[in-house]
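Quick notes on the structure that follows.
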Amino acid sequence: MDRITELPTFIIHHIMSYLSAKEIARTSILSKRWCLFCISFPILEFDQCYFLGKAITLMDISDEKKFMAFVDASLFRFCKLRFRMQELRLFQSFLDVKGSAPLLDKWIGLAVDNGIKDLVLMVHNMTQEDTVCILPQTIFSAKSMATLSLFGCRMEQPSDTTTISLDSLKKLTIENVYINDQMFQKLTSECPSLEDFEISACWGLKNLCVSKAHKLKKLAIYTFYEDIDIVEIVVPSLQQLTLLFCNGEMRPRVVKAVRSPHLTKLMLTSVWFMDEEFDRFISKFPLLEDLLLRFCRLPEMVKIASNQLKNLHFNSCENLKAIDTDTPNLLSFTFSYDFNPIPTIAMNALCPWKLCFSCEGNLDMHWYLRLKKFLGVEKQIENLKLSLETCEVSFNLDELSGCSPSLPLQVGTLELYANVPLSDYEALLDGVFQICYPRTLRVSTMFEEDKKLIEWLYEQLRNRDVTCCNPHHIKYCWRHHLEDIKIQRYLQIEESFVVIEDNKTFADSKYMMDGRYPLTREVSEFNLDWSVPVSNDEQC
């Protein structure tokens, strides 16, 4: 017996909500009852590319009219049933923006009248003229709508006879939308239930102010235009804040925030802080647990003191000379740096470190010394990446050992990306192993030239010469302390790993996609077993 078909309609619709639009359409041919299930399904999705089976750039005005007729008929048929509309997803490109506007207004009106809860509207203007689809103002009267996602339209202020009545709206996402300062502030202040707000790549804003959103918990601002001069956040209820500036040179902007005692996660990208601004800004969030700083301009000396902070991330933040943290409960520390000189660091937390350093200039003794000093602060370095692109490795190993007589540091995994002359390979390896002894050395290659380093490393590590040193230098020479080595090779394809069979090259492998090789790296892992001498400090 077909017991599924006999289930109540609301249960059938719940099951269908886990299916794709294509799968739902296929169920309509099972029987008349299943056809009715499809017609009355309260989640309506209309995708122009899927419906026409062609890319947006290949569509003409007749395609647009055919799709709009289908949407219009489907919505009319659903609304005749007098069912409540749970969700409407519309993905459409417009060749005739002005001619299509009345139908779009009609569809949004029907959705609002049928108690729409979730609306996704993604429109794309295909014409060369400066015309953008204007968001129908009937949307502002959707009292039952809980989530709203908009892309590619123009949001204008409501007329005198229209008020914003989005009383149930909890999540709002606007991307590539034109919106001015007044409309932005009105929108955020007149949605009393708003908890999650994301704005991305919108234009028309100069002074972005978020205030009077008394229930707002998550705020994400991604700006891809240089127009915004001031960002002001007056939301004490915030729990998570993301602020990203990009597209163009980083420049000073006014970034203000009131004290947010509940904020636990802060992510900043390309934000310019003057000397004292950073300290004042961070002090607004006393319960901060996660702090991520990417490409920011920070003061030369960064001090962070917090008993609550658990995760701290620095990624390519310029102007840094010293980091001083008093964070005893820190659980993870990630640091990536592309500039010279490498800053100093002081930290009192015992947590795993993940580090990445780049050097594109002269690889001299001072760079190695500063790197070793940075690493020496922590004994739990989980992962270290070194990206070295230089035309010259200019340091003396004896001089480096004399300036830094301490033993090499223990590191979990060392990922090495090196683009140096073949004649400098030995000096490069000696310098790296004077800094640290990794349990795993990982080297990846994409081009034939890169494989020279792999081959050279294999020979050096396998057939190391232990007669290279006099007795005085044995303590500091890595060749005398490397006891065993195991090698594994695999292909890394789009973040997945495929083991290479013996005697099989990349060209022989059968990982072809549509006649083309995917983005692939050949990775060699050297698992190293070290016999590390005991330092005087450890003996004491």
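Using Cα extents along the principal axes in Å as the read-out, say which of (1) 144, 50, 39; (2) 93, 58, 51; (3) 162, 48, 43 was calculated from these coordinates.
The value computed from this structure is option (2).
Using +1 at the Cβ of each Lys and Arg and -1 at the Cβ of each Asp and Glu in the chain, identify which of Phe83, Val377, Tyr50 lies farthest towards the dipole's positive end.
Phe83
Using the beta-carbon distance between Ile485 and Glu389 and R0 = 30 Å, what value does 1/(1 + (r/R0)^6) give for FRET efficiency, to the nearest 0.05?
E between Ile485 and Glu389, to the nearest 0.05, is 0.70.
What is the calculated FRET efficiency for Asn180 to Cys35, with r their C-beta to C-beta distance and R₀ = 45 Å, to the nearest 0.05? Please report the intermediate quantities before stating the final value.
Working: r = 47 Å, r/R0 = 1.04.
It comes out at approximately 0.45.
Amide H to amide H under 5 Å from Ala349: which residues, 5+ apart in sequence or cross-chain, H placed 1.01 Å off N in plane?
Those qualifying (amide H under 5 Å, at least 5 residues apart or on another chain) are Thr327.
Please compute the net charge surrounding Thr413, taking Lys and Arg as +1 and Asp and Glu as -1 over other residues with Cβ under 13 Å from its Cβ.
Charge balance in the 13 Å sphere: +1.
Sequence-distant or interchain residues sharing an amide H contact under 5 Å with Cys133, placed H: which?
So Cys133 has HN proximity to Arg154.
Note down the net charge around Glu483, summing +1 for each Lys or Arg and -1 for each Asp or Glu among other residues with Cβ under 14 Å from its Cβ.
Value of the local net charge: +3.
Just to verify a number: FRET efficiency for Lys143 and Asn329, C-beta to C-beta distance, R0 = 56 Å, to 0.05?
0.80
All other residues with a Cβ under 14 Å from the Cβ of Ser149 taken together, and with Lys, Arg as +1 and Asp, Glu as -1, what is their net charge?
For residues surrounding Ser149, the net value is -2.
Need one word for the stretch 138-254: rounded, prolate or oblate. Basis is the Cα gyration tensor (sqrt eigenvalues a ≥ b ≥ c); a/c below 1.5 gives rounded, then a/b vs b/c decides.
Since a/c reaches 1.5 and a/b is larger than b/c, the shape of the stretch 138-254 is classed as prolate.
Work out from phi, with θ = phi - 60° and the Karplus expression 6.51 cos²θ - 1.76 cosθ + 1.60, the ³J(HN,Hα) of each residue of the stretch 44-51, listed in order in whole Hz, and give x for Gly and Pro.
Taking θ as phi minus 60°, the curve returns 9, 10, 10, 10, 4, 5, 5, 5 Hz for the stretch 44-51.
Just to confirm the number: angle between the C-alpha axis of helix 365-375 and the first principal axis of the chain, 0 to 90 degrees, nearest 10?
The helix 365-375 is inclined about 60 degrees to the chain.
Just the accessible area per residue of the chain, please: how many Å² with a 1.4 Å probe?
That works out to 52 Å² per residue.
Can you work out ³J(HN,Hα) from phi for every residue in the stretch 141-146, in order, using Karplus 6.51 cos²θ - 1.76 cosθ + 1.60 and θ = phi - 60°, giving whole Hz and x for Gly and Pro?
Couplings: 9, 7, 5, 9, 6, 9 Hz.
List, in the order given, every pair from Lys171/Lys206; Lys22/Lys80; Lys117/Lys310 whose Cα-Cα distance in the structure shown is over 28 Å.
Among Lys171/Lys206; Lys22/Lys80; Lys117/Lys310, the Cα-Cα distance tops 28 Å for Lys117/Lys310.
Ignoring the sites themselves, what is the longest stretch of the chain with no chymotrypsin sites (Phe, Trp or Tyr not before Pro) in a DSSP loop and at most 10 other beta-carbon atoms within 10 Å?
Counting only loop sites that pass the neighbour cut-off, the longest clear stretch is 19-446.
Helix 61-80: angle to the longest alpha-carbon principal axis of the chain, degrees 0 to 90, nearest 10?
Tilt relative to the chain: about 70 degrees.
Where the centre of each part is set by its Cα atoms, how far does the stretch 304-343 sit from the stretch 84-128, in angstrom?
Comparing the Cα centres of the stretch 304-343 and the stretch 84-128, I get a distance of 46 Å.
For the Cα atoms of the chain, what angle does the longest principal axis make with the long axis of helix 425-435, in degrees from 0 to 90, nearest 10?
90 degrees
The values are calculated or read from the model by the stated rules, or taken from the named source; none is laboratory data. Model, not experiment: these values are computed from the prediction. Neighbour counts run over all protein chains shown; Cβ positions are idealised from the backbone, glycine included. The area values use the complete protein model at the heavy-atom level, side chains included, leaving out ligands, DNA and RNA. Shrake-Rupley method; radii C 1.70, N 1.55, O 1.52, S 1.80 Å.
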